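As structure tokens, the structure follows; a few thoughts come after it.
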């Protein structure tokens, strides 16, 4: 079998030492750092050494039993992420445990940074949380993505689309980050992956931002690509070895669906245009990962304060008791669906049929 060569030719982004040092020291503009010039220069020396020698994952250990190559040196960060996912899967599969729900508040706005006001999204999530939390034997977690904009050191780094080179090159969980040599650290996704894995029901609430989902939500969505066909064994490709990954996919890749079977609800709210398209896009994305809609009432797109001033949008939500009721219905639908599914009463036409093509 002939394995295609990797196509190359884009400009080299490597920095020279002068530019690297300028960028590295740029965050330390506060006068409080003025007395630490020598210390910062020493730290910059170490950072340049790591960068110039491409030490992406400086701390590793042998993969050990259960991997294609037990002697391969795996990043300790990736091992910890995988262990967290494995524990989350056990919680998900525990029939004696609570029904677990993840509610995603997708707006970037909060009163803790420049906008000076909480989002309507968060208020809608709180309505849903109260509904689900009122049921017995449930665990509800709210993932507030506005923390990307308001909390120090909180990042979701962009997806590098390894999957488009070869499915096996995209590892589950993602192994692209942290990349210490490039300063791409403190990535939130290793904490987020287990939240999705342990959940039985997931509700996403998002505003419309320029006919699309919010920026924080899109970052998370892209980084969840590894849950949809990603390779759970980085040693099978010896890290990011392109030729090995292409060879594995061409031999026949099964595109494992790591989040399959969970139920979902989607609530999209806008003020002028785009809500229906965003709701369809989100629903299609979740279905593509083999998550299942909890029911027709669980998928909702609405306008709050249609073509009204932004300044009074919260007051519009106060008055819109119908949309508040619809969000409650979406939450009840998700709750009831999860309870029925865990009890063995859930039935979906065609759920046992095998798709003839995975890709």
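The values are calculated or read from the model by the stated rules, or taken from the named source; none is laboratory data. On a predicted model such as this, the values are computed, not experimentally measured, just so you know. Cβ sites come from the backbone with ideal geometry, for glycine too, and all protein chains shown count toward neighbours.
Per-residue answers, yes or no, for (1) out of contact with any helix residue (DSSP H, G or I) (no Cβ under 8 Å at 6 or more places or on another chain); (2) assigned to a helix (DSSP H, G or I); (3) touching a residue at least 12 places away in the same chain (Cβ under 8 Å); (4) within 30 Å of residue 96 (Cα to Cα):
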position	(1), (2), (3), (4)
323	no, yes, yes, no
335	no, yes, yes, yes
351	yes, no, yes, yes
355	yes, no, no, no
When both residues are 6+ apart or on different chains and their Cβ atoms are under 6 Å apart, which pairs have a first residue that lies in the range 18-32 and is touching a residue at least 60 places away in the same chain (Cβ under 8 Å), and a second that is surrounded by 10 or more Cβ atoms within 10 Å (Cβ to Cβ) and in a helix (DSSP H, G or I)? 24/44; 24/47
If residue 107 passes every condition in (1) assigned to a loop (DSSP other than H, G, I, E, B); (2) touching a helix residue (DSSP H, G or I) at 6+ places or on another chain (Cβ under 6 Å); (3) closer than 23 Å to residue 257 by Cα but one, which one does it miss? (3)
Selection count where residues are part of a helix (DSSP H, G or I), surrounded by 13 or more Cβ atoms within 10 Å (Cβ to Cβ) and out of contact with any strand residue (DSSP E or B) (no Cβ under 7 Å at 6 or more places or on another chain), scope the range 293-317: 5
Any chance residue 239 is surrounded by fewer than 17 Cβ atoms within 10 Å (Cβ to Cβ), in a loop (DSSP other than H, G, I, E, B) and touching a strand residue (DSSP E or B) at 6+ places or on another chain (Cβ under 9 Å): no
Looking at residue 290, is it in a helix (DSSP H, G or I) and over 22 Å from residue 139 (Cα atoms)? no
Restricting attention to the range 124-141, does a residue exist that is exposed (fewer than 13 other Cβ atoms within 10 Å of the Cβ), closer than 19 Å to residue 197 by Cβ and modelled with pLDDT of 95 or more? no
Out of the range 122-138, which residues are part of a loop (DSSP other than H, G, I, E, B), on the phi < 0 side of the Ramachandran plot and in contact with a strand residue (DSSP E or B) (Cβ under 8 Å, 6 or more places away or on another chain)? 135
Over the range 142-174, the set of residues in contact with a strand residue (DSSP E or B) (Cβ under 7 Å, 6 or more places away or on another chain), assigned to a loop (DSSP other than H, G, I, E, B) and within 13 Å of residue 240 (Cβ to Cβ) is 170
Take residue 246 and tell me if it is within 12 Å of residue 170 (Cα to Cα), over 18 Å from the mean Cα position of the chain (by Cα), touching a residue at least 40 places away in the same chain (Cβ under 8 Å) and assigned to a helix (DSSP H, G or I). yes
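Suppose the filter is touching a helix residue (DSSP H, G or I) at 6+ places or on another chain (Cβ under 7 Å), within 22 Å of residue 174 (Cβ to Cβ) and either at pLDDT 95 or above or outside any helix (DSSP H, G or I) (or both); does residue 267 pass it?
Criteria not met by residue 267.
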Residue count, the range 270-287, condition surrounded by fewer than 20 Cβ atoms within 10 Å (Cβ to Cβ), in contact with a strand residue (DSSP E or B) (Cβ under 7 Å, 6 or more places away or on another chain) and assigned to a helix (DSSP H, G or I), comes to 1
All positions within the range 209-223 that are within 14 Å of residue 282 (Cβ to Cβ) and surrounded by fewer than 21 Cβ atoms within 10 Å (Cβ to Cβ): 209, 211, 212, 218, 221, 222
Only unsatisfied item for residue 257, checking (1) over 21 Å from the mean Cα position of the chain (by Cα); (2) surrounded by fewer than 19 Cβ atoms within 10 Å (Cβ to Cβ), is (1)
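Each row is one residue, and each column tells you yes or no for (1) modelled with pLDDT under 95; (2) under 30 Å from residue 242 (Cβ atoms); (3) surrounded by 11 or more Cβ atoms within 10 Å (Cβ to Cβ); (4) touching a strand residue (DSSP E or B) at 6+ places or on another chain (Cβ under 8 Å).
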residue	(1), (2), (3), (4)
2	yes, yes, no, no
14	no, yes, no, no
25	no, no, yes, no
29	no, no, no, no
41	no, no, yes, no
44	no, no, yes, no
